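Note sheet for the following structure.
The values are calculated or read from the model by the stated rules, or taken from the named source; none is laboratory data. Computed from a predicted structure; not experimentally measured. Cβ placement follows ideal geometry from the backbone for every residue including glycine, while neighbour counts extend to all protein chains displayed. Accessible surface areas use protein heavy atoms only, side chains included; no ligands, DNA or RNA. Shrake-Rupley method; radii C 1.70, N 1.55, O 1.52, S 1.80 Å.
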Amino acid sequence: MKLNAVALKEGYTWIRQGIWLFKQNPLGFLMLVFMYVFSAQLAVIVPVIGVFAVLLLTPTLSVGFMTACRQAIQKERIRPSVYIVALQSGSLVRRRVLQLGLVYAGLILTMSFFLSLLVDFEVLMPLMTSDKPITPEAIRQLYWVLFFGALLYIPVAMLMWFSPILVAWADMSVPQALFSSCLACWTNKGAFFLYLVIWSAVLVAIPLTVGMIFDALDLGQLASYIIAPISMAGLTVMHCSFYATWKACFTEDEVILV
């Protein structure tokens, strides 16, 4: 396993490769993302335990989706059971990937605690309930949540971006995988910056703009029917592009994307 340094323009190339990979089995990938979103929404209904379960299993599901990417390249059928492939890979991998889940859950909970110190969530309640008018202060606090949340999540993302795959495919220990993931992201920070800027525009800025246009035309209800499928497809392509980041940042003996 070799760590590679890539040029800034690779951030755009990863997205192109994600689109190529998505085209290999669009229905299979859409099924996996829909399953994850639907299951996560059901899980969070259960207070505390549901959220913890989602966080704990996130590295496991990440390995599953990356395995599905391999299968798509090899023209194999993608099945829902691919999500538990890491738990079926032997006791060592299973233990390590679940340990990563505990680390991820701890990091997210710590991040949430610090975020609560920086933002007044009580002011945001009007945005989540319909019984109170939305105030300018609530909108301002929402922007602070998005800003500080993104800022605090960057180190978490760097630690967790590659670590599940390094544990499952490169036989690394949890500390070694976390360090290697962080090092890979930092080494290629320029490419990752471009990559994240593009995805932010695609998944956040564009849907918000479309929604504002439809609201201005008094067609707000119609907007959701257009934005939802586009956002789902974009989210799926983004997940496929994760595999491209792996292939670019680490060298292993396997099929290379073209």
Response to the item:
Taking first residues from the range 30-47 that are more than 18 Å from Pro59 (Cα to Cα) and second residues anywhere that are of a type in the set (Ser, Thr, Tyr) and crowded, with 16+ Cβ neighbours inside 10 Å, the pairs with Cβ under 7 Å that are 6 or more apart or on different chains are Leu30/Thr236
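Of the residues Ile108, Ile165, Ile154, only one is touching a strand residue (DSSP E or B) at 6+ places or on another chain (Cβ under 9 Å), in a helix (DSSP H, G or I), at pLDDT 80 or above and not acidic (Asp, Glu); which? Working first, answer last.
Values: Ile108 fails: touching a strand residue (DSSP E or B) at 6+ places or on another chain (Cβ under 9 Å); Ile154 fails: touching a strand residue (DSSP E or B) at 6+ places or on another chain (Cβ under 9 Å).
Answer to the selection: Ile165.
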Discussion item. Step by step: first the residues of the range 174-221, then only those that are open to solvent by 40 Å² or more (accessible area, probe 1.4 Å) and polar (S, T, N, Q), then the one that is farthest from Ala86 (Cα to Cα). Which residue is that?
Written reply: Gln221
Worksheet item: Can you name every residue in the range 146-159 that is open to solvent by less than 40 Å² (accessible area, probe 1.4 Å) and in contact (Cβ under 8 Å) with a residue 40 or more places away in the chain?
Response: Val156
Worksheet item: Taking the range 235-258 on its own, how many of its residues are at pLDDT 75 or above and buried (at least 16 other Cβ atoms within 10 Å of the Cβ)?
Response: 16
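Please go through the range 93-103 and pick out each residue that is without any contact (Cβ under 8 Å) to a residue 60 or more places away in the chain and either of a type in the set (A, V, I, L, M, F, W, C) or open to solvent by 30 Å² or more (accessible area, probe 1.4 Å) (or both).
Restricting attention to the range 93-103, the residues satisfying the condition of being without any contact (Cβ under 8 Å) to a residue 60 or more places away in the chain are 94-95, 98, 101-102.
Arg94, Arg95, Leu98, Leu102 - these are the residues of the range 93-103 that are without any contact (Cβ under 8 Å) to a residue 60 or more places away in the chain and either of a type in the set (A, V, I, L, M, F, W, C) or open to solvent by 30 Å² or more (accessible area, probe 1.4 Å) (or both).
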Worksheet item: Mind checking which pairs have a first residue in the range 1-29 that is hydroxyl-bearing (Ser, Thr, Tyr) and a second that is modelled with pLDDT under 95 and surrounded by 13 or more Cβ atoms within 10 Å (Cβ to Cβ), Cβ under 7 Å, 6 or more apart or different chains?
Response: Tyr12/Ile198
Response to the item:
Flagged pairs (Cβ under 8 angstrom, 6 or more apart or on separate chains; first in the range 160-185, under 19 Å from Ser89 (Cα atoms); second acidic (Asp, Glu) and open to solvent by 20 Å² or more (accessible area, probe 1.4 Å)) are Trp169/Glu252; Ala170/Glu252
